[in-house]
Amino acid sequence: MSCYKLIQMKQMNNTITSELNDAQMSAVTAPLGNCQVLAGAGSGKTRVLVHRIAWLIQECGLSPHQILAVTFTNKAARELHTRIEAMLGFPTRTMWVGTFHGLAHRFLRAHWQAADLPESFQILDAEDQHRLIKRLHKELNLDDDRWPPKQSQWFINSQKDEARRPDSIILDGDIFTDTMVMVYRAYEEQCARAGVIDFAELLLRSYEVLQKHPDILSHYQQRFQYILVDEFQDTNTLQYLWLRLLKGPDSHIMVVGDDDQSIYSWRGARIKNIQSFTNDFPDAQTICLEQNYRSTKTILSAANAVIANNQKRLGKDLWTQGDDGESILLYTAFNEIDEARYVISCIQAWTELGNPNRSVAILYRSNAQSRVLEEELLRKSIPYRIYGGQKFFDRAEIKDALAYLRLIANRHDDTAFERVVNTPTRGIGNTTLNSLRDQARTSNYSLWQAAQEIVRDKLLSARAVTALQNFLNLTDELDANTRNDKLGDQTDYIIQRSGLRDFIGKDRTEKSQSRLENLDELVQATHAFTVDEFQQQDMPPLHAFLAHVALENSENQADVFEDSVQLMTLHAAKGLEFDLVIICGVEEGLFPHHMSAEDPVRLEEERRLCYVGMTRAKQKLIMTFAECRRLYGRENYHAPSRFLREIPEHLVNEVRMQTKISRPVSVQPAYGATQQTDISIGDNQIRLGQRIRHSKFGEGTVLNYEGSGEHAQVQVKFDRHGSKWLMVNLAKLETI
DNA sequence: GCGACATTGTTTTTT
DNA sequence: ACAATGTCGC
């Protein structure tokens, strides 16, 4: 090795290991073996993954080609990949970095024959799956009241997540199991006929291919010398089995996770996998990352105190070298409107200090809570962005347009067929459709084939036959006329020619206008789409686009660059961080949610959710709860959440609602946090929760105030000296 | 086949 | 409260 190269390597080595603490260092430079990293919130988990991979390549001589890194979200996968490339300074296209589903998809595209799939198989999303199962229930004459399709959907998905096929489910003579298995069977047949597979099936099918084809298995086992798994606490049974199978006898695996941040057990995630890992790989080294680089001491102590109430923990104590920081503000709101006003007033105070809107996140337990907050943000003209909610490609009009594309790609895609056969309405109603379904079922055809037969043999009324004929012709025509077009032009033409555009825009409401805009956006997306070499190998653009849409249903990326306050559920906040975090609705019944309150296991998950939320905050944490909240049209009185009581008192500044104003009925008088006072310090009006400085007592928070002019007094809770009442014009106070 | 009413069930949702 | 279904009559 040349001297120059050695020096270069030495430098690289330095960049890989510099700025790492001891624990991070031992994870990054761990010997080439199995390893488990328990990474607390904000302990530099991604950093360790990135550096570890760089280390494997630079120091252990592994080629990127031999590395497999698995994440849960596309975003995490992208971040991982770009950071690795930035660190290494060269592209690593041959490295497999992706989500479980993305990687499984890639695998199945390569091995579709072994997987017994059509080459052009398409992915069924959750909504399509639901529709399909609903239709199946009808065909099987299952009463929807007794047998909700949602339940079957849940059953099928959880069986698949447990790697169970209908044949491997033990029939216990129970009518429930019998029925569910029957539906599962019918569902599988239907999917096979239509050439579609659902999310869980991506994993299960690829797992089975590996199991049944030793040659394929050994190829991948030999190829992937090192497997890394992010958010390991969120893996389900199937994902764990998949990983274990893929890890060859000579390869190694590193899993990174945090049992305290497991919040998806209701989706099949098994924290137990962390324990299983140490059992299955007894030689695995365990490394704990406990130093937190994100939050202040105060925030961290509070979060630690809350999570300490969980019994089932691996046990980990986060610490930080950071400052104490401000106390946690706890505001007791009168109702959710008051809460929203207080929250927004806090944000205003925060941004007046020069902080950008984007440094603030409002977190809540359930999406329904966002509306009041939104209204208040709107009223105060504060730009905001709501995460979650409906994804772009989930909008009805987009799915309609996509269904045309799917049908062109694959005529036997019944889900797509059902979706657009009468959208826009073209005289094919329920009666016709039912005969169509009958026909399809008895002949074991796709709906498309059944329709062809009906048209050919004129099996229905002349009117229905003509209508069907027109639809079949239309679809074929859309296909034939755009066969050589670019994807964007094809999409544009199809939306126009199918009549979808006119249909969507026919009434001139604002809603239909925005739907039209969405269609335009879709066309634009198809124009901009390029086949991703990694994920899609050499698929035709149309197929590649459909797969991309299903697997990477990104949200509307519009105005992502505007400096806006971020609103999201606590779940959606995992993995993110903000200078100021405001958690709303911290009430019994809402958080912890009443659906989870009785079950201790689920309660612990709620608590972890609380922990996740609190540890998102870097500098300042505000928690609010409302004594009274309108929920489902009723007014409910809730007690403050038990989680609040679990926070040590000395870390909290309790700000009480000020005014004794009677309940607002329809008008909303100014009160509480937004009430204007005539008490001011210098030029600044006093606000509840306002941070001030006293020459002797130091910094504190305004809890209360009284009187005006010369008699004005404020109650301040000082960070170090407890709370005191002070005369405003005597005490030397200044606002911060 | 389609539009107008009633009925229903409302946590979280990485793919 | 509210939206998203399903049922009914035309």
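Give me A:ILE495, A:ILE197 sorted ascending by neighbouring Cβ count inside 10 Å, so fewest comes first. If you can, show how the numbers build up before the last one.
Numbers: A:ILE495 26, A:ILE197 23.
Ordered from fewest to most neighbouring Cβ atoms within 10 Å, A:ILE495, A:ILE197 come out as A:ILE197, A:ILE495.
Quick query: amide H of A:ILE253 versus all other amide H atoms, modeled in the peptide plane; which residues come in under 5 Å with a sequence gap of 5 or more or a different chain?
A:ASN34, A:CYS35, A:ILE227
What does the charge dipole of chain A about its Cα centre add up to, to the nearest 20 debye, if the Cβ of each Lys and Arg holds +1 and the Cβ of each Asp and Glu holds -1? Kindly include the intermediate steps, with their values, before the conclusion.
Values: 85 positive and 97 negative charges, 81 e Å.
Using only the charged Cβ atoms, the result is roughly 400 debye.
How high is the relative contact order of chain A, given as a whole-number percent (alpha carbon pairs under 8 Å, six or more residues apart)?
Values: 1174 pairs, mean separation 111.9, N = 736.
Result for chain A is 15 percent.
What number results when the radius of gyration of segment A:254-388, computed over Cα atoms, is divided by 2.2 N^0.38 Å? Show your work: numbers first, answer last.
On the way: Rg = 19.3 Å, N = 135, 2.2 N^0.38 = 14.2 Å.
Taking the Cα Rg and dividing by 2.2 N^0.38 Å, one obtains 1.36.
For segment A:102-194, what is the charge dipole size about the Cα centre, in debye to the nearest 20, if Lys and Arg each add +1 at the Cβ and Asp and Glu each add -1 at the Cβ?
Details: 13 positive and 17 negative charges, 60 e Å.
The calculated dipole for segment A:102-194 is roughly 300 debye.
Let me know the whole percent of all Cα-Cα pairs from segment A:156-265 that are separated by more than 17 Å. The partial results should precede the final answer.
Working: 3766 of 5995 pairs.
Roughly 63 percent, rounded to a whole number.
Cross-chain or 8 or more residues apart, Cα under 26 Å: how many lysine pairs in segment A:272-389 fit that? Count them up, please.
Numbers: A:LYS272/A:LYS312; A:LYS272/A:LYS316; A:LYS297/A:LYS312; A:LYS297/A:LYS316.
Close lysine pairs found across segment A:272-389: 4.
Any chance you could run the full-extension gain for A:TRP154 through A:ASP280? It's 0.36 nm times the residue separation minus the Cα-Cα distance, nm to one decimal.
Additional length available on full extension: 42.5 nm.
Would you kindly give the portion of the calculated P(r) for chain A that falls above 52 Å, as a percent of all Cα pairs?
Numbers: 55246 of 270480 pairs.
In whole percent, the share of Cα-Cα pairs in chain A beyond 52 Å is 20.
For segment A:425-539, with only Lys/Arg (+1) and Asp/Glu (-1) charged at the beta-carbon, what is the dipole magnitude about the Cα centre, in debye rounded to 20? The partial results should precede the final answer.
On the way: 14 positive and 18 negative charges, 156 e Å.
Taking the Cα centre of segment A:425-539 as origin, the dipole is about 760 debye.
What is the sum of charges around A:CYS584, taking Lys and Arg as +1, Asp and Glu as -1, for the other residues whose C-beta is under 9 Å from the C-beta of A:CYS584? Spell out each step's value before the answer.
Numbers: positive: A:ARG365; negative: A:GLU336, A:GLU339.
Cβ neighbours under 9 Å give a net charge of -1.
Under 37 °C and 0.692 mPa s, how fast does segment A:17-112 diffuse according to Stokes-Einstein, given a Kirkwood radius computed over C-alpha pairs? Answer in µm²/s, whole number. Numbers along the way, then the final one.
Numbers: Rh = 14.1 Å.
Using the Kirkwood radius from Cα pairs, D works out to 233 µm²/s.
Using each residue's phi in segment A:204-215, evaluate 6.51 cos²θ - 1.76 cosθ + 1.60 at θ = phi - 60° and report the 3J(HN,Hα) Karplus result to the nearest Hz, with x for Gly and Pro.
Coupling constants for segment A:204-215: 4, 5, 5, 4, 5, 4, 4, 5, 8, 10, x, 5 Hz.
Can you tell me the orientation of helix A:45-58 relative to chain A, as the angle in degrees between its alpha-carbon axis and the longest Cα principal axis, to the nearest 10?
Computed tilt is about 60 degrees.
Along the charge dipole of chain A, which of A:THR351, A:VAL50, A:ALA403 sits closest to the positive end, that is, farthest toward it, with unit charges on the beta carbon of Lys, Arg, Asp and Glu (+1, +1, -1, -1)?
Towards the positive end, the residue furthest out is A:THR351.
Among all the lysines, which ones have a C-alpha under 16 Å from A:LYS732's C-alpha, if same-chain residues fewer than 8 places away are not counted?
A:LYS696, A:LYS717, A:LYS724
Please enumerate, by chain and number, the lysines with C-alpha under 23 Å from the C-alpha of A:LYS150, excluding those fewer than 8 residues away in the same chain.
Candidates past the 8-residue exclusion: A:LYS134, A:LYS138, A:LYS160, A:LYS391, A:LYS399.
So how tilted is helix A:3-17 from the main axis of chain A? Cα-based, degrees 0 to 90, rounded to 10.
Between the helix axis and the principal axis of chain A, the angle is about 70 degrees.
What range in chain A is the longest one free of GluC sites (Glu not before Pro) that are in a loop by DSSP and have at most 14 other Cβ atoms within 10 angstrom?
On the way: sites that count: A:GLU19, A:GLU119, A:GLU562, A:GLU598.
Excluding the exposed sites themselves, the longest stretch runs over A:120-561.
Which trypsin sites (Lys or Arg not before Pro) does segment A:454-525 hold that lie in a coil by DSSP with at most 15 other beta carbons within 10 Å? Write down the numbers at each step before the final one.
Working: sites: A:ARG456, A:LYS458, A:ARG463, A:ARG483, A:LYS486, A:ARG497, A:ARG501, A:LYS506, A:ARG508, A:LYS511, A:ARG515; in loops: A:LYS458, A:ARG483, A:LYS486, A:LYS506, A:ARG508.
Listed in order of number, the matching sites are A:LYS458, A:ARG483, A:LYS486, A:LYS506, A:ARG508.
In whole Å, what are the extents of segment A:339-480 along the principal axes defined by its C-alpha atoms, from largest to smallest?
Largest to smallest, the principal-axis extents are 75, 30, 25 Å.
Using modelled backbone amide H atoms (1.01 Å from N, in-plane), which distant-in-sequence or interchain residues come within less than 5 Å of A:GLY42's amide H?
Under 5 Å from the amide H of A:GLY42 lies no amide H from a residue far enough along the sequence or on another chain.
Over 10 Å intervals from 0, what percent of Cα-Cα pairs in segment A:410-497 sits in each interval?
Calculated P(r), rounded to whole percents: 17, 50, 26, 8.
Computed from the coordinates by the stated procedures, all read-outs in this text should not be read as laboratory data. These figures come from a predicted structure and were not determined experimentally. Methodologically, a virtual Cβ is constructed for each residue, glycine included, from the backbone with ideal geometry; neighbour enumeration extends over all protein chains shown.
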